Amino acid sequence: MIDIHSIIFSPEWGFLRFAILVGICVSPALGVIGTMVVTRRISSLAGASTHAALGGFGLALFLQRVCMLEWFTPTLGAVIGAVGAAVAVGLVSIFAREREDTVIGAVWAVGMSIGLLFLDRTPGYVDWQGYLFGSILLLTEHDLIMTLILDAVILIPTVIFFPALLAMSFDDTFARLRGIKVTLMYIGLLILTALTIVLLINLVGIMLVIALLTLPAAAAGCYTSHLRSTMFLAALFNALFIFCGLLLSSIMALPSGPTVVVLAGIVYISSMIWKKYHSK
């Protein structure tokens, strides 16, 4: 029989405890941003920003090693790529006549392809798979500090502007009639989403970021229709998925990231079935 208590508290499993701590700390930011992403139906846009971040990452690494631009760090490149893509797609969807899904698909594919091309031409070893799937079991105190800063950056504006976010989430016209600058707040939401994505990519990778932004919030939406309670429940789900996924992956010797994603997917599907059954 497996002693879960000894796995969590024994000294040799310190890396697992730290990964769980960071995962729990990042859950509030994921719950808030994920709820807004799902409510505003911009999950595809978040995915495009994520893959555009790979383009910026590849370009920055290439410039560092080939052009000797040491100041152009991969994180800076990822921020430029993700924020630029989010703002560009947002502006196109608001002001231009182009179909938003077409623009998102183009940004998604081209951004990732550019990143892979630059990584292919970058001399030396490049762990691009680690960028895709993350290294949540190899986190440091710096990652924990960045996670806490991210929580503050996300949660403080959410508390201050919650009434405006609530109005914008469900009825743009009503929000505009109340004098809320919907376009400005929408662009701000896209920027916060992009920054969340970039900071979390270093922790959990592209695949896990997309999953934890959407699946817990979508599952939470099956149990409540109120924005505040959905954010809270999504944050709770994120913490639960990360804790149980990391513990299960350690016990069964499975990859940590995919285990967390599969667990979140199972709960999401179960939640949809529960909602459909109880709505009759």
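The values are calculated or read from the model by the stated rules, or taken from the named source; none is laboratory data. Worth saying up front: this structure is predicted, and the values here are computed from it rather than measured. Cβ placement follows ideal geometry from the backbone for every residue including glycine, while neighbour counts extend to all protein chains displayed. In case anyone asks, the SASA skips ligands and DNA or RNA and just uses the protein heavy atoms, side chains included. Shrake-Rupley method; radii C 1.70, N 1.55, O 1.52, S 1.80 Å.
The 3J(HN,Hα) values that the Karplus relation (6.51, -1.76, 1.60; θ = phi - 60°) gives for segment 239-250 are, in residue order, 4, 5, 5, 5, 4, 5, x, 5, 5, 5, 5, 6 Hz. Gly and Pro appear as x.
Considering only chymotrypsin sites (Phe, Trp or Tyr not before Pro) in DSSP loops that have at most 13 other Cβ atoms within 10 Å, the longest stretch of the chain without any of them is 126-280. May I ask you to list the residues of segment 192-226 whose amide nitrogen lies under 12 Å from a point 7 Å from Cα along the Cα→beta-carbon direction of Leu116? Counting only backbone N, you get no residues.
Under the combined filter of DSSP loop state and at most 15 neighbouring Cβ atoms within 10 Å, segment 32-103 retains these GluC sites (Glu not before Pro): Glu70, Glu98. Per residue, segment 184-275 exposes 40 Å² of solvent-accessible protein surface, assessed with a 1.4 angstrom probe and all protein chains in place. Remark: the chain projects, on average over all directions, an area of 17.2 nm² (convex hull of Cα atoms).
The accessible surface of the chain, taken with every protein chain in place and a 1.4 Å probe, is 71 percent carbon and sulfur. For Lys276, the accessible area of its heavy atoms, probed at 1.4 Å with every protein chain present, is near 140 square angstrom. Helical runs (DSSP H, four residues minimum) scored at -39500 (n - 2.57) apiece and divided by the length of the chain put the mean residue ellipticity at 222 nm at -28000 deg cm²/dmol. For segment 78-93, 3J(HN,Hα) computed residue by residue from phi via the Karplus equation (6.51, -1.76, 1.60; θ = phi - 60°) reads 5, 4, 4, x, 5, 5, x, 5, 4, 5, 4, 5, x, 5, 4, 5 Hz, glycine and proline entered as x. In terms of overall dimensions, the C-alpha atoms belonging to segment 233-280 reach 41, 19, 13 Å along their principal axes, ordered largest to smallest. Relative contact order, whole percent, for the chain stands at 29, derived from Cα pairs under 8 Å and 6 or more residues apart. Computed over the Cα atoms of segment 197-258, the ratio of the radius of gyration to the Kirkwood radius (Rg/Rh) comes to 1.02. Under a 5 Å amide H cut-off, with hydrogens placed 1.01 Å from N, Phe161 pairs with nothing among residues at least 5 apart or on other chains.
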